[in-house]
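*Asks:* For reference, the structure I am asking about is given below.
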Amino acid sequence: MGQDWVDKLPVGFVASEKSLCNELELSADFCAGTGRVLVVSDDKAVPLAMDLAGRKPGLKVRADVGAWRHLNATENEPLADVDNLFGLEGWYEQNFPLGGSVMGYTPSKFLRAGDRASLCALLAATESAPANIVTRVAIEAVVLEARFRDDFFDDLAPHQGRKFSFIFADKKDPLAEYQRLDGLRRLLTLHPGSEVDHVDPLVAADALANGASFVAVGASSGRRMPKRPGDPGGGRNAAGYLPGLFNVELLELRSPMIYADWYANSASPYCHTCGRALDVFETTVADKSVVIGHNLHQTSAHITDLMAQPASDRLAWLRDVRLDAHASHMALNPQGDMVLHRSLHKFLELDDPMMREMTRAGVWK
Ligand SMILES: [Zn+2]
């Protein structure tokens with residue numbers, strides 16, 4: 001067991017027990033069946049991951065106990081739960097014994113952009129993590145913008161060659177900004193082989209094409225858009241709630257109810273794997289599970305298509321896929337009043353050779 005897990009199948013999934021859509025069990029079944037890595041992101045991640053590893057033979061599972069979700073790092077205490085007699089070494093041994101069935105992450109607290117002292121303290125404290133532990137760097141996504149990123153890159157530079165697993169968080173939709181997506185590409189160029197998780201399928205694909213060794217896509221929106229400690233929670237979902245469904249033709253993640261409106265006068269999108277139209281769902285537990293399951297297989301297929309391209313062609317291939325998705329969106333929406341997926345919108349602007357801006361509905365300015 002080790003990093004060789006991810007070499008051939010560089011996309012995994014992040015799931016939590018908190019979801020109302022049974023995403024943890026569904027994701028575990030999918031990952032066990034396809035050899036992909038499941039990241040359990042939950043306050044009870046270690047017992048949940050141990051339980052899943054015991055029940056699902058062959059499951060490759062990592063546990064993220066997620067101190068970063070609740071606590072801000074300080075220079076003196078960048079890590080959680082290690083201020084006892086046995087310290088960090090004891091924490092590793094107790095939670096993730098070498099040779100055990102579950103891999104893990106350092107118990108990193110959350111880093112605020114510009115708090116360089118805490119970042120440096122965290123990087124120093126985690127320098128000698130055992131082989132089954134990946135160094136978690138969970139930080140405000142704004143750190144990727146021009147005003148912060150040179151300092152961020154300077155602080156990471158002495159640790160070149162280490163493997164980091166990055167989480168970028170914000171109040172909502174952390175990475176879908178022009179400068180942040182650009183900054184993530186630069187970060188991966190400086191630290192090839194890094195991991196990025198808690199992202200959407202579009203960001204995941206772009207990260208892999210830019211040198212990430214592993215990405216983990218959130219099985220539902222809470223795990224695709226991680227929040228900072230203290231940010232307002234998503235709250236309970238409304239009665240008519242259906243999770244976002246990955247429509248690969250449009251590179252969209254909308255509720256099927258939105259697609260029903262978009263495709264009102266067009267042929268419904270259809271999934272041959274699920275054997276059903278993608279714009280007709282009930283708000284039942286069974287149908288919500290179909291949405292989660294569709295996202296898992298469709299994301300995997302999308303990333304598999306990307307990785308089947310020669311490494312030097314992946315960026316161009318992805319650009320073309322995004323241009324096709326944009327064209328499909330505009331064909332479906334000749335009135336120009338349907339807002340584009342925010343990540344798609346920003347990637348299109350980022351890669352436009354004429355450096356144009358685009359309206360939220362996808363019209364070049
Ligand atoms: Zn499907």
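*Asks:* Applying the selection to segment 78-90, what residues are surrounded by 13 or more Cβ atoms within 10 Å (Cβ to Cβ), within 12 Å of THR126 (Cβ to Cβ) and modelled with pLDDT under 95?
*Replies:* Of everything in segment 78-90, those that are surrounded by 13 or more Cβ atoms within 10 Å (Cβ to Cβ), within 12 Å of THR126 (Cβ to Cβ) and modelled with pLDDT under 95 turn out to be VAL82, LEU88.
*Asks:* Another question about this same structure. Which pairs have Cβ atoms under 9 Å, sit 6 or more apart or on different chains, and link a residue in segment 265-290 that is not assigned by TED's automatic domain parsing to the domain that holds SER27 and among the aromatic types (Phe, Trp, Tyr) to one that is part of a loop (DSSP other than H, G, I, E, B) and within 13 Å of the ligand (Cβ to nearest atom)?
*Replies:* TYR270/LEU278
*Asks:* For segment 246-365, which fully contained helices (runs of 4 or more DSSP H) count at least 3 residues that are modelled with pLDDT of 95 or more? Reasoning before the result, please.
*Replies:* Details: elements: 256-262, 285-307, 314-332, 342-351.
It comes to 285-307, 314-332, 342-351.
*Asks:* Return the residues of segment 105-149 that are of a type outside the set (Asp, Glu) and in a strand (DSSP E or B); say none if nothing qualifies.
*Replies:* TYR105, SER108, PHE110, LEU111, ILE133, VAL134, THR135, ARG136, VAL137, ALA138, ILE139
*Asks:* Checking the condition crowded, with 19+ Cβ neighbours inside 10 Å, over 26 Å from PHE166 (Cα atoms) and more than 10 Å from the ligand (Cβ to nearest atom), which residue from LEU250, LEU278, LEU306 passes? Before the answer, list the steps.
*Replies:* On the way: LEU278 fails: more than 10 Å from the ligand (Cβ to nearest atom); LEU306 fails: over 26 Å from PHE166 (Cα atoms).
Exactly one residue qualifies, and that residue is LEU250.
*Asks:* Please determine whether any residue of segment 311-318 is closer than 21 Å to ASP173 by Cβ, in contact (Cβ under 8 Å) with a residue 24 or more places away in the chain, away from the ligand (no atom under 13 Å from the Cβ) and surrounded by 16 or more Cβ atoms within 10 Å (Cβ to Cβ). Walk me through it before giving the result.
*Replies:* Initial filter on segment 311-318 (closer than 21 Å to ASP173 by Cβ): 318.
Filter once more, keeping what is in contact (Cβ under 8 Å) with a residue 24 or more places away in the chain: 318.
Filter once more, so that each one left must be away from the ligand (no atom under 13 Å from the Cβ): 318.
Narrowing the set further to residues that are surrounded by 16 or more Cβ atoms within 10 Å (Cβ to Cβ) leaves 318.
So far as segment 311-318 goes, yes, one or more of its residues are closer than 21 Å to ASP173 by Cβ, in contact (Cβ under 8 Å) with a residue 24 or more places away in the chain, away from the ligand (no atom under 13 Å from the Cβ) and surrounded by 16 or more Cβ atoms within 10 Å (Cβ to Cβ).
*Asks:* Next up: So is PRO243 away from the ligand (no atom under 12 Å from the Cβ) and either out of contact with any helix residue (DSSP H, G or I) (no Cβ under 6 Å at 6 or more places or on another chain) or in the same structural domain as ASP197 (by TED's automatic domain parsing) (or both) or not?
*Replies:* no
*Asks:* Here's another thing I want to ask about it. Could you tell me which residue of segment 284-303 is farthest from the ligand (Cβ to nearest atom), considering only residues that are closer than 12 Å to THR273 by Cβ and small (Gly, Ala, Ser)?
*Replies:* SER300
*Asks:* Only one of these conditions is not met by PRO229: (1) outside the structural domain of GLU127 (by TED's automatic domain parsing); (2) at pLDDT below 95. Which number is it?
*Replies:* Failed condition: (2).
*Asks:* Of everything in segment 196-216 that's touching a Lys or Arg at 6+ places or on another chain (Cβ under 7 Å), touching a residue at least 40 places away in the same chain (Cβ under 8 Å) and not in a helix (DSSP H, G or I), which residue is surrounded by the fewest Cβ atoms within 10 Å (Cβ to Cβ)?
*Replies:* ASN210
*Asks:* Scan segment 220-235 and tell me whether some residue there is in a loop (DSSP other than H, G, I, E, B), within 13 Å of the ligand (Cβ to nearest atom) and either under 22 Å from PRO201 (Cα atoms) or among the hydroxyl-bearing types (Ser, Thr, Tyr) (or both).
*Replies:* No, segment 220-235 has no match at all.
*Asks:* Just for strands (runs of 3 or more DSSP E) wholly inside segment 1-77: which have at least 1 residues that are of a type in the set (Asp, Glu), in contact with a Lys or Arg (Cβ under 9 Å, 6 or more places away or on another chain) and at pLDDT 95 or above? Step through it out loud before you land on a result.
*Replies:* Values: elements: 11-15, 37-41, 60-64.
Fully inside segment 1-77 and qualifying: 60-64.
*Asks:* Could you please find all residues in segment 133-174 being without any contact (Cβ under 8 Å) to a residue 24 or more places away in the chain and among the small types (Gly, Ala, Ser)?
*Replies:* Within segment 133-174, just GLY161 meets the criteria.
*Asks:* When segment 299-340 is examined, which residues are found to be more than 23 Å from ASN265 (Cα to Cα) and among the small types (Gly, Ala, Ser)?
*Replies:* SER300, ALA301, ALA308, ALA311, SER312, ALA316, listed by residue number.
The values are calculated or read from the model by the stated rules, or taken from the named source; none is laboratory data. All values derive from a computational prediction rather than experimental measurement. No Cβ is skipped: glycine too gets one built from the backbone with ideal geometry, and neighbour counts run over all protein chains shown.
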